[in-house]
């Protein structure tokens, strides 16, 4: 049975659009819509404005591929960042995660995905050529491949390694090992094997 | 440690507002914001427009208390609805649920909550007085209390029963029993007792 429309077409459209957000289904989208409508001044109006600003201002950084309100983005334009180190990530979300950790004060390069022949994603579909030309033209000493330890991620890392091999740049990758706070008991054999192999002096 | 800002203030504000929606936490709000930004034309622009329309058009129906783009709302203004039956619900979400079920072709009255002395919610905080005056002024034959079977819901139902007792109107309530599709094994004793008490001829 098709869901009966319960409110005007404007409310239905709002619910339908909200249900496309990750984490919200049709049911929670209805709850979210009602929540918004009931909190007009505190939430609906500010969110409508914030989305309007996003529509107007947010774009992709032509240099690194992240999203920001300026191009080049705030990170690429930051003079305090080490310009000789480039951290390669799959996605903007990974860049945000590294920035939240405050782990490194370098610049980034967002690939926009991983190589996945089964899904028809080849090198030309990713932001790879600009990375190679950036590495050959700029004074970049190190490229850190901060890419997922999945099959696709590692395939992509090997491909990048290959592409960068003829350029005078050090290519490094993230360490494998026990996550901080992780209990050995819950870790898979692959991680444990890598952590043992890469053991360091105490 | 305070969360480090990972993007421009406009993106941070969008994430912060999205995280106030029910069902989204700080982490999923970031995912949702990125999802929106990446799908500018398909999702971000339409959602910004839908929220703008909501800000402009959606209000509370002066007659029943639901939210809609017109006042009186589409339901109150519908000439095909039985004007002699009024279904009293706690919240707009309950009205929507009954409308989705298509269970009744009557009009509604939204209380806006339940009596809850512990939370300081008394009769004056709910949409009760307009219900009583509506019942005394209009030709209403039946008031159906479609209120939750919780302590607060039932307290509210009893209070309404009391308020409506001096008016010539039949007050009814929803039947208790086994939910359609429900397995006896998983039902609580209260429901089973009520279902047995209210048993009907096969």
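Inter-copy label distances at residue B:184, shortest first and taken from points set 7 Å along Cα to Cβ: 5.4 nm. The long axis of helix B:45-57 is offset from the longest Cα principal axis of chain B by roughly 50 degrees. In the range B:9-57, the alpha-carbon atoms span a convex hull of 80 Å³ per residue.
Shortest first, residue B:116 label-point distances to identical copies amount to 4.3 nm, with the label point at 7 Å from Cα along Cα→Cβ.
Note on B:94-104: average number of Cβ atoms from other chains within 10 Å of each residue's Cβ is 3. Residue by residue along A:74-82, Cβ atoms of other protein chains within 10 Å of the local Cβ number 1 on average.
Enter the angle in degrees (range 0 to 90, nearest 10) between the Cα long axis of helix B:92-101 and the first principal axis of the Cα atoms of chain B, meaning the one along which they spread out most. With both axes taken from Cα atoms, the answer is about 70 degrees. Under Stokes-Einstein, with the Kirkwood radius over Cα pairs as Rh, the value for the range A:67-173 at 20 °C and 1.002 mPa s is 151 µm²/s. In this simple spin-label model, placing a label point 7 Å from the Cα along the Cα-to-Cβ direction at both residue B:80 and residue B:124 gives a separation of 4.3 nm. Between the range A:72-126 and the range B:88-150, how far is it from one alpha carbon centroid to the other, in angstrom? For the range A:72-126 versus the range B:88-150, the Cα centre distance is 53 Å. Residue order for A:66, A:200, A:155, fewest other beta carbons within 10 angstrom first, comes to A:200, A:155, A:66. Compared with the dominant principal axis of the Cα atoms in chain A, helix A:9-18 is inclined by about 20°. Of the residues B:199, A:39, the one with the fewest other Cβ atoms within 10 Å heads the list, and the complete ranking is B:199, A:39.
Take residue A:12, push a point 7 Å out from Cα through the beta-carbon direction, and compare it with the same point in every other copy: 4.1 nm, smallest first.
Each of A:197, B:38 was scored by other Cβ atoms within 10 Å of its Cβ. Arranged with the fewest first, they read A:197, B:38.
Here the extension length gained between residue B:100 and residue B:202 equals 33.9 nm, from 0.36 nm per residue of separation less the Cα-Cα distance.
Throughout, read-outs are computed from the coordinates displayed, never taken from laboratory work. All figures in this text were calculated on a predicted structure; none of them were measured in a lab. Glycine gets a Cβ as well: all are built from the backbone with ideal geometry, and neighbour counts include every protein chain shown.
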